[in-house]
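The structure appears below as structure tokens.
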Amino acid sequence: MKHPVVVAALGSLMLGHSAWAQRVANYEAKGNLQATIDLNCIATDKMKNTYTPADLYRAVGKCLNQGDMKKSVFLYAIAGAYARFDTQRVADATAHDANTVLTMQTFSTLADEQKTAFKQAMNRVADDPENFGKMCADIRRVGPPAYFPTYMIQHGMGAFGGDGKGLVPNFDAAAARKSSLDSYLHCPPA
């Protein structure tokens, strides 16, 4: 069996060859990682459960560019919790890395100083039980996602020939909500 790194390196070399490069096509389904609304750096009390992670990660970037760490931490936490919820309800496993890609897109344009400041702000919230508990309470107050997860469904291979619905049959929203708060965010019990 070939080592994956060697295979990837060979693939990169082959793609560099013009004959191979001409055969490569990038297909993207309509709605893939698409935001539904262009949010600004919104306050916690303006948060709605109709905002998708694609919407929220854009707002995180805006907050970070404005230096508003408090809002960026909250938006990042709820975006991640919503994405975890969506991962549990979207049937196509190839779509589940949507959250990772959105996170990479958010942080790819930031300066190292911004990334460091954000990490420090996250650690301050995580290390302070009172602030962390308040953040979790605010996320609970907003409620579970109330949107159709098109951004994620269209990210997977199922977008190219699936039925367009892409949801897990008999999905247990309450269990997914609990899991996104308990095992993803590690929120204290309400």
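The values are calculated or read from the model by the stated rules, or taken from the named source; none is laboratory data. Here the structure is a predicted model, which means the values were calculated and not measured. Because the Cβ atoms are built from the backbone with ideal geometry, glycine has one as well, and the counts that use them run over all protein chains shown.
Filtering Met122, Met152, Met135 for residues that are in contact with a strand residue (DSSP E or B) (Cβ under 7 Å, 6 or more places away or on another chain) and either within 28 Å of Ala190 (Cα to Cα) or assigned to a helix (DSSP H, G or I) (or both) leaves a single hit, Met152.
Restricting attention to the range 66-89, the residues being closer than 14 Å to Ala146 by Cα and either of a type in the set (Gly, Ala, Ser) or in contact with a Gly (Cβ under 6 Å, 6 or more places away or on another chain) (or both) number 3.
Just one of (1) farther than 26 Å from Cys136 by Cα; (2) modelled with pLDDT of 95 or more fails for Gln66. It is (1). All of (1) surrounded by 12 or more Cβ atoms within 10 Å (Cβ to Cβ); (2) touching a helix residue (DSSP H, G or I) at 6+ places or on another chain (Cβ under 8 Å) hold for Thr109 with one exception: (1). Checking each residue in the range 43-94 for being of a type in the set (Lys, Arg) and not in a helix (DSSP H, G or I) picks out only Lys48.
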